[in-house]
Amino acid sequence: MSLKKYRCYCLESGGNLHIAEWFKAESDDDAIAHIRAKHPDALCEIWHGERLVATLAAELPGQGAAGLRTAFAGFNAPQTR
């Protein structure tokens, strides 16, 4: 099976972009497992080309995933000029 190219964007708890990385994986499931293992405490989006593969939410002590999901909601919003 050939490797597919993916990209990942992760936010820190304050809602700022923390990580942007490109990587290869055999499948969507492998890409998700790779990012979960590498960034367990961050909210991350995994993309394959123009397709959003997954949004992975972190459970942070005292905050839960809801706060990070709210922070990510504006992350992909279209930019207006």
Legend entry - Subset tally (residues that are surrounded by 17 or more Cβ atoms within 10 Å (Cβ to Cβ) and closer than 13 Å to ALA58 by Cβ) for the range 36-46: 5
Inset, instruction - Would you point out which residue out of GLU26, GLU45 is within 10 Å of the chain's Cα centre (by Cα) and not hydrophobic (A, V, I, L, M, F, W, C)? - result: GLU45
Legend entry - Scan of the range 22-35 for residues that are closer than 16 Å to LEU52 by Cβ and exposed (fewer than 15 other Cβ atoms within 10 Å of the Cβ), ordered by number: TRP22, SER27, ASP29
Inset, instruction - Could you tell me whether GLU45 is modelled with pLDDT of 85 or more and among the charged types (D, E, K, R)? - result: yes
Inset, instruction - Being loosely packed, with under 15 Cβ neighbours inside 10 Å, in a strand (DSSP E or B) and modelled with pLDDT of 95 or more is the filter here, so list the residues in the range 1-19 that pass it. - result: LYS5
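The values are calculated or read from the model by the stated rules, or taken from the named source; none is laboratory data. A quick note: this is a predicted structure, and the numbers were derived from the prediction, not measured. Note: ideal-geometry Cβ built from the backbone for every residue, glycine included; neighbour counts use all protein chains shown.
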